[in-house]
Amino acid sequence: MTLEQLALENHGYSYAFLDEFAKRELRRRILKAIALPGYQVPYASRELPIARGWGTGGLQVTLSLVGPEDVVKVIDQGADDSVNAANLRRFITRVSDAASTTDATQATIIQSRHRIPEERLHEGQVLVLQVPDPEPMRSVEHDISRAREMHADADYGLLWLALYEQLVRYRRVTQGASYPVMVHKRYVMSPSPIPRWDTPKLHQAAHLTLLAAGREKRLYAVPPYTDVYPLEFTDVPFKVEDQRGWVCIRTGAQNKFMNEIPNEDGTSTHEMSDTGYIEKLLNAQPGDTYYDNNGNFYIRGYIRS
Amino acid sequence: MNKETHNGHTSIAERLSVLSQSSAHQVKALAESLLDDLGVIEVLENRTGLVMLPYTDSVQGITFNLGEVLIAEASVRLKDHDGVEGYGSCLGRDHVQALALALCDAALRAGIRADTITAFADARALELIAADQELLRQVETTRVNMETF
Amino acid sequence: MYVAARGGEGAIQNAEALYNDLKAPIDADVVRAIERTMPYLIDRVMGEGSLYAPELAALALAQTGGDLYEAVLILRAYRSTQPRLAYAEPVTTKMLFTVRRISAAFKDIPGGQVLGPTLDYSHRIFQLDVLDGKAAATATFTPDTPDAPEPVQPVAPREYPLVADWHRMAGLMAPLEKHADQDPSDVPDVTREPLLFPAPRAERLQSLSRADTGGILALGYANMRGYGAVHPTINELRLGYAEVQVRHPISGDLISLGRVRVSQAEIVTHFANSATGVFGANKEKRQNHKEELALGFAATMGWNEIKVIAAAMLDKAMDLPAPHPAHTEEFVLYHTDPVEASGFCIHYKLPHYVTFASGMDAMRGANQIAGDEGKSVSEQPEAELVAEAQE
Amino acid sequence: MRPTQTATEAASRATFLALMGALSRPGMIHSLPGDPQGDELRTFVAIGKALLDLETSYYTPEALLSRKLALTGAKGRNPAQAAYHFYPHLYAEDLTAIEQASVGDYLYPDRGATVMIGCRFGERAGQCMQLSGPGVLNQSPESRIQVSDVPLEFWRQRARRIHYPMGFDAYLIDGQKVIGLPRSTKVELEAVPCM
């Protein structure tokens, strides 16, 4: 027997990278977030071997949920194969032994940056959205302590005013992605920089959505079957992106969220942003989608425009 | 190690401190030479981890966390010697060095080859003190003569 | 025309391989050489990485080709995987094995001014002989002491009194408040609880300790140059070694694991209590309006004088009732974390075409309305519109 | 780097997932992992292991459970300070402790306590309740629950103490089964049994 033989093996890294203390803290905070839909829960936010701002908030949530039997889908801008999505998927599966898929309906956990899949998610699935800035009022109040007081007072006057000013100046609301929403009639929330096309998908959804900002150290949730409404004026309804007439060059599909790809002659080609859905359309039978082929949202009357 | 002996007695803790700061190579060799006399060894813990280093603000006197220090640590039990336990830790990530320290600690507590360990530790203590003295001698040469500052 | 279907995975792996290919390979000797020849660089990485592990800091630098932010990130991420085993005994300034200690406030101070290791008075001239292979750089210690013919024999003290204690004895500064013994696990910790404002002083000092040197310097310099109301003097600056002492779990005795390099600075300003608005942090407790010296403080792991001096000035500036925005606590502490700031900066390299498309849609919509009404929104500041429309 | 999950890690995660599922779908019964034949404190201990460590605190009137929860490193605290309350049986006299449970404040409502209550589900003598709020699908079977062994006064107390977003969150536990009642769930007592 030598000293080297006697020494215990030092394997260095925990299951799913984070140590148990970190996971327990995240889990405690996730439960509070679910109990307070749309409310930003502060959390410690561990450093991961991925740069801050590259999805470390979402990644921490995923790592606190994931187990070896999970099937994980990771997307960035709707694509499974974009470099950041590929890298995060490689990391998650490497540290957890979970399987991965590009099929939104087969995944148990979907981590996403900037998109919600076109196919309707179902009960039991968890959508983890990466959040660069959790504060919907950042543009009108940069002091986060003051913004927190405004949330406490449900004082969203400045935000309404900002939307109103856009109307006066441009005759329409010019907010693009990250369209602010009211959750369970209490908290205004940033849905993360998803396009307005995806915003309605959070309303009365069957799945659980967890949103996390690693750098800003806040996480929040939209439980299943919860009211989520975009801020809109009675006479100026909320509008999704107008992509009518755009046809996906790969599938011929219409009325799904498209990427616009510039051509050299100044025109544009269009392609669906959700690559998992493209794959399914080409090779299999896709499930129900949030918007039908005519662009109607599945909950009738929710989008008024 | 800068603590001088009290009344000529050096405690186990003081010797352990010296051992923790001795070269990994030497401590491992020492522990290796003890193995045959220690009987069955149960390694309870042997890992790397962090020690938070608190610091005291000299202005308001409050304590804050300066940062963490990487250490390796080990706990062992000597099954053939009434289950005497030993603990060792050192700066850095060498968990075998920590195990060697824990074995030295257990041996000292069980009174096994205590003379060997003590002699080793006392020799290292003198080396550490000498190194400190040399550094302080060098530092003294940088003292500013106030008339020329 | 398509976004590459399966190009992502291969490209990222090849990109990393190319990065490594464009620098020389590393081995244990290279890492050891970095650790031994660049202690100040190692200290900066460890201080900002918030982890004292010289060997790993050297490896991080070697692995990243010396990209400082990448090296700090590796160290920070490694922390997340390691359990916290214990809390060491709190280090106090008086216990520091001090090798450099100066004060700019007084010509002489109890214990004296000791320069220790420094390049402050060096002429910044290349040692070109090293490149020519003619001579090794001054590697051995040969004290140059013209006014002492014999080599100096006296030994410097290892510990020194505090300059601030002299201020207190002289009645120029409030006596140190007695703080009840605190369980180290109860000390607020920014790595365990998110920073909320106003931050407890412990969290402020911890944040400064792990802050980005460049960020702290920029904000500190803005303060020094004129945006701050503080006119500071360095009260005391120290470099030294702190002993890491932990409790032996069986005997309960303190054992020392060795020493780590630390640096600390105090800066001092006059009229802490005056009506000019320069108040000490515990202003509520000082109702007598006696004029006092006010001190700012900072410390960090490793020897990094620029950081602790600038941070100590910011510590003082953040106490002002209405400081410049760049010296408010929230602004300073949020914007000087090296991992967060650098990570967010480089995240802009990630694709943003969904948000950009959403913004384009809003702009086209607005343009169409304007076109219908006979004027183009393009005449409006377009960049502003897209910015508003994006995240 | 080989990811290996220890049995403890796996149990903690499974317990957490059950709690997360229960809180996401109030009224729906979720199953906690573990041995269904174990002692009656087992689920409370398992929840303690999944959620507690030295960074948080607990309160329980049950001495044996308190000793077991202390092993997690969490601080035993009085009802007003404890983040997690554990009541294997909720007696009328425990309501004074629940009365003190933190409901957080307007700035930080997440500081409200979490309360675990042992009870029985689906017994005919139980109190029938109609649930509504986030996670509750209107007209779904799980929107009505029947619970016994909880003092009636508790429900009135809960309604009185919760001023959304301030309030406490509750889990009802019957053996291996758990129902989550976040503060966002509105509970209406029904005069007649559910079944």
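The values are calculated or read from the model by the stated rules, or taken from the named source; none is laboratory data. None of the values given here were measured: they were computed from a predicted structure. Heads up, the Cβs are rebuilt from the backbone with ideal geometry, glycines too, and the neighbour counts pull from every protein chain shown.
What to note about this one:
- Single residue of C:Leu350, C:Leu320 found to be at pLDDT below 90, at the interface with chain A (Cβ under 7 Å from one of its Cβ atoms) and either more than 18 Å from the chain's Cα centre (by Cα) or assigned to a loop (DSSP other than H, G, I, E, B) (or both): C:Leu350
- Subset of segment A:100-118 (residues that are away from chain C (no Cβ under 12 Å), surrounded by fewer than 24 Cβ atoms within 10 Å (Cβ to Cβ) and out of contact with any Asp or Glu (no Cβ under 7 Å at 6 or more places or on another chain)): A:Thr101, A:Asp103, A:Gln106
- Counted residues, segment C:31-68 - those being of a type in the set (Ser, Thr, Tyr) and surrounded by 20 or more Cβ atoms within 10 Å (Cβ to Cβ): 2
- Selected residue (criterion: surrounded by the fewest Cβ atoms within 10 Å (Cβ to Cβ)) from residues of segment B:111-126 that are over 14 Å from the mean Cα position of the chain (by Cα) and touching a residue at least 60 places away in the same chain (Cβ under 8 Å): B:Thr116
- Here A:Lys239 meets each of (1) under 30 Å from A:His142 (Cβ atoms); (2) within 14 Å of chain D (Cβ to nearest Cβ) with one exception, condition (2).
- When the test is whether a residue is touching an Asp or Glu at 6+ places or on another chain (Cβ under 8 Å), polar (S, T, N, Q) and surrounded by 20 or more Cβ atoms within 10 Å (Cβ to Cβ), A:Thr226 does not pass it.
- D:Gly122 being surrounded by fewer than 18 Cβ atoms within 10 Å (Cβ to Cβ) and within 21 Å of D:Pro36 (Cβ to Cβ): yes
- Some residue of segment C:85-108 being in contact with a Pro (Cβ under 8 Å, 6 or more places away or on another chain), of a type in the set (Phe, Trp, Tyr) and assigned to a strand (DSSP E or B): yes
- In the set (1) farther than 16 Å from A:Leu208 by Cβ; (2) away from chain D (no Cβ under 11 Å); (3) surrounded by fewer than 22 Cβ atoms within 10 Å (Cβ to Cβ), the condition left unmet by A:His122 is number (1).
- Being within 14 Å of chain D (Cβ to nearest Cβ), surrounded by fewer than 21 Cβ atoms within 10 Å (Cβ to Cβ), in contact (Cβ under 8 Å) with a residue 24 or more places away in the chain and part of a loop (DSSP other than H, G, I, E, B) is true of A:Gln204.
- First in segment C:63-92 and within 7 Å of chain B (Cβ to nearest Cβ), second anywhere and among the polar types (S, T, N, Q), Cβ under 7 Å, 6 or more apart: C:Arg79/C:Ser50; C:Gln82/B:Thr48; C:Tyr87/C:Ser185; C:Ala88/C:Gln245; C:Pro90/B:Thr56; C:Pro90/B:Thr63; C:Val91/B:Thr56; C:Thr92/B:Thr56
- Qualifying position, being buried (at least 24 other Cβ atoms within 10 Å of the Cβ), more than 7 Å from every other protein chain (Cβ to nearest Cβ), touching a residue at least 40 places away in the same chain (Cβ under 8 Å) and in contact with a His (Cβ under 9 Å, 6 or more places away or on another chain), among A:Gly78, A:Gly57, A:Gly53, A:Gly38: A:Gly38
- Residue within segment A:272-286 that is within 12 Å of chain C (Cβ to nearest Cβ), out of contact with any strand residue (DSSP E or B) (no Cβ under 7 Å at 6 or more places or on another chain), aliphatic (A, V, I, L, M) and outside any loop (DSSP other than H, G, I, E, B) present: yes
- All positions within segment D:6-21 that are facing another protein chain (nearest Cβ under 8 Å), small (Gly, Ala, Ser) and in contact with a strand residue (DSSP E or B) (Cβ under 8 Å, 6 or more places away or on another chain): D:Gly21
- For segment D:22-43, taking the residues that are crowded, with 21+ Cβ neighbours inside 10 Å and either assigned to a helix (DSSP H, G or I) or free of Cβ contacts under 8 Å to residues at least 40 places away in the same chain (or both), the one that is farthest from the other protein chains (Cβ to nearest Cβ) is identified as D:Thr43.
- Extreme residue, farthest from D:Met129 (Cα to Cα), among residues of segment D:152-179 that are more than 14 Å from the chain's Cα centre (by Cα) and more than 12 Å from chain A (Cβ to nearest Cβ): D:Arg161
- Residue ID - surrounded by the most Cβ atoms within 10 Å (Cβ to Cβ), chosen from residues in segment B:49-64 that are of a type outside the set (A, V, I, L, M) and either within 22 Å of the chain's Cα centre (by Cα) or within 16 Å of C:Pro83 (Cβ to Cβ) (or both): B:Tyr55
- Of the residues making up segment B:17-63, those that are of a type in the set (A, V, I, L, M, F, W, C), within 24 Å of C:Leu51 (Cβ to Cβ), at the interface with another protein chain (Cβ under 7 Å from one of its Cβ atoms) and out of contact with any Lys or Arg (no Cβ under 7 Å at 6 or more places or on another chain) number 2.
- Condition check for C:Glu159: within 11 Å of chain B (Cβ to nearest Cβ), modelled with pLDDT of 85 or more, within 22 Å of B:Gly67 (Cα to Cα) and part of a loop (DSSP other than H, G, I, E, B): no
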